[in-house]
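The structure appears right after this line, and notes come after that.
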Amino acid sequence: MRILVVGNGGREHTLLWKLNRDLPNAKLFATQPNGGMAELAEAVEISPMDLEALAGWAASRVMDLTVVGPEAPLAAGIADRFQAKGLPVFGPTAAAARIESSKSFAKELMRNAGVPTADFRVFRDHGAAEEHIRERGAPVVVKASGLAAGKGAIVCDTVEQACRAARQMLVDLRFGEAGREVVVEECMRGEELSVFALTDGRAFLTLLPSQDHKRLGEGDTGPNTGGMGSYAPVSLATPELMREVEERILLPTLRALEAEGSPFQGLLYAGLMLTEEGPKVVEFNCRFGDPETQAVLPLMANSLLEPLAAIAEGGSVSGHELRWHEGGAVTTVLASRGYPDSYEKGKPIFVPPDLVRDPNLLLFHAGTSRSAGTLVTSGGRVLAVTGLGTSLDEAARKSLAGAEAVEFEDKYFRTDIGWREFARDEWGRP
Ligand code: AMP
Ligand code: GLY
């Protein structure tokens with residue numbers, strides 16, 4: 001079997017790692033692989049956004065399956081191009097990917113389908129947005145409707161801050177085209193939960209829920225990042241809560257997309273807020289989450305390849321069942337100091353050999369590359385260290401020990417991944 005993975009971050013390294021476990025003799029390919037992916041996959045030197053070239057390459061090399069990691073090529077229609085050539089591809093069409101690429105589309109779909117989410121309004125005119133912000137009052141959330149690499153949501157404590165955010169998006173075009181339309185919404189309170197569902201458009205398989213750590217600093221302080229760590233499972237996600245998420249959120253959303261003429265085939269990621277009134281959607285994504293994938297997939301006890309291939313070939317996942325290992329996984333992200341702003345690249349990375357041999361420690365590469373045979377840093381988020389354990393506590397200690405043992409100049413990481421879980425009282429409150 002010949003499989004192409006599109007994308008070259010920590011999520012894609014994890015996908016390759018899992019596909020290789022599921023089918024060791026599969027021939028794996030990856031676009032512009034990072035320093036870790038290169039050990040598992042043959043390099044395809046085509047950009048994920050060069051859709052025509054990629055589809056042409058996949059057709060000429062007869063790929064049996066293509067798995068798309070990032071949202072940008074999905075929003076640009078990579079799945080549509082592959083499908084037009086008869087190539088099996090895992091990932092939604094551009095029309096279905098609007099659930100992530102257009103927040104106004106997602107919010108209106110949720111409102112019409114009765115899916116719980118923050119109350120909102122959509123604006124293209126700055127004056128009208130400001131008037132509404134003043135009426136609504138603070139705290140309030142202002143979001144660019146389009147793709148903004150995770151930076152387009154501003155949680156504002158004051159009306160002035162919210163008006164400034166709306167002006168930056170609608171007038172100064174700080175997020176370019178993505179900010180020509182703005183969603184102003186109610187600020188929700190609660191803990192966040194990431195729920196992934198593998199879906200053929202109708203039936204779906206829910207993966208083990210996880211929690212991301214978006215803030216740069218310990219105790220969830222400082223600026224938002226792409227994610228500094230993650231863990232799974234999350235004790236707040238009881239079977240009852242998950243049933244509610246499936247019945248009130250996942251199922252009606254998939255039905256609404258299908259009724260709208262854009263059935264979603266791929267991975268639907270529901271970013272939830274667990275509020276006092278129950279789970280509500282913060283956002284939907286049209287792909288696996290990063291760094292949640294690095295904690296969730298190592299806990300999967302059966303094949304990921306089977307449902308991915310079934311969905312890509314237009315088959316059904318009903319009848320498939322997912323099984324999970326006991327215990328937990330904690331992922332600590334090693335970043336370059338200065339991230340998410342500016343940082344230096346090209347620092348040599350030292351990975352102790354006994355760390356690579358430890359079956360309970362997995363090292364997923366993100367911003368790494370090989371330069372004259374040496375592994376060096378090449379991005380803000382450099383590596384993800386996943387620790388596995390019979391308990392979450394054990395997994396966290398493993399992950400932290402691994403994070404400390406890997407060396408490169410200006411390494412930065414959080415030492416408290418999973419802290420909410422460890423701080424919970426008997427009522428489940430952190
Ligand atoms: P998004 O880009 O929509 O995922 O938002 C990024 C982050 O902003 C989320 O993970 C939340 O922490 C926060 N956020 C977004 N929307 C809201 C909201 N309505 N209420 C509170 N926090 C929010
Ligand atoms: N972990 C957040 C994301 O993948 O968007």
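Among the conditions (1) away from ligand 2 (no atom under 16 Å from the Cβ); (2) touching a residue at least 40 places away in the same chain (Cβ under 8 Å); (3) within 30 Å of residue 267 (Cα to Cα); (4) surrounded by fewer than 22 Cβ atoms within 10 Å (Cβ to Cβ), residue 108 misses just one, which is (2). Residue count for region 60-84, restricted to those that are open to solvent by 10 Å² or more (accessible area, probe 1.4 Å), assigned to a helix (DSSP H, G or I) and in contact (Cβ under 8 Å) with a residue 40 or more places away in the chain: 3.
Restricting attention to region 184-203, does a residue exist that is modelled with pLDDT under 95, crowded, with 21+ Cβ neighbours inside 10 Å and part of a strand (DSSP E or B)? Checked against the condition, which is being modelled with pLDDT under 95, crowded, with 21+ Cβ neighbours inside 10 Å and part of a strand (DSSP E or B), region 184-203 yields at least one hit.
All conditions but one from (1) surrounded by fewer than 21 Cβ atoms within 10 Å (Cβ to Cβ); (2) assigned to a loop (DSSP other than H, G, I, E, B) apply to residue 306; the one that does not is (2). Looking across region 9-59 at every residue that is touching a residue at least 60 places away in the same chain (Cβ under 8 Å) and not in a helix (DSSP H, G or I), the one that is nearest to residue 362 (Cα to Cα) is identified as 36.
Scanning region 381-396 finds no residues that are open to solvent by less than 30 Å² (accessible area, probe 1.4 Å), within 24 Å of the chain's Cα centre (by Cα) and acidic (Asp, Glu).
If you scan region 142-152, which residues turn out to be within 15 Å of ligand 2 (Cβ to nearest atom), part of a loop (DSSP other than H, G, I, E, B) and open to solvent by less than 40 Å² (accessible area, probe 1.4 Å)?
As a first pass, look at region 142-152 and keep what is within 15 Å of ligand 2 (Cβ to nearest atom): 143-144, 146-152.
Add one more test, that the residue is part of a loop (DSSP other than H, G, I, E, B), and what stays is 146-152.
Within region 142-152, 146, 148, 152 qualify.
Could you tell me whether residue 155 is assigned to a strand (DSSP E or B), on the phi < 0 side of the Ramachandran plot, away from ligand 1 (no atom under 11 Å from the Cβ) and among the aliphatic types (A, V, I, L, M)?
On the way: assigned to a strand (DSSP E or B): yes; on the phi < 0 side of the Ramachandran plot: yes; away from ligand 1 (no atom under 11 Å from the Cβ): no; among the aliphatic types (A, V, I, L, M): yes.
Judged against the criteria, residue 155 is not a match.
Just the residues that are touching a residue at least 60 places away in the same chain (Cβ under 8 Å) and either in a strand (DSSP E or B) or farther than 18 Å from residue 14 by Cβ (or both), please, taken from region 355-377.
Quick first cut of region 355-377, residues touching a residue at least 60 places away in the same chain (Cβ under 8 Å) only: 362-370, 375-376.
The answer is 362, 363, 364, 365, 368, 369, 370, 375, 376.
The values are calculated or read from the model by the stated rules, or taken from the named source; none is laboratory data. What you are looking at is a predicted structure, and each value in this text was computed from that prediction instead of being measured. Backbone-built Cβ (ideal geometry, glycine too); neighbour counts: all protein chains shown. Heavy atoms of the whole protein, side chains included, go into the accessibility calculation; ligands, DNA and RNA do not. Shrake-Rupley method; radii C 1.70, N 1.55, O 1.52, S 1.80 Å.
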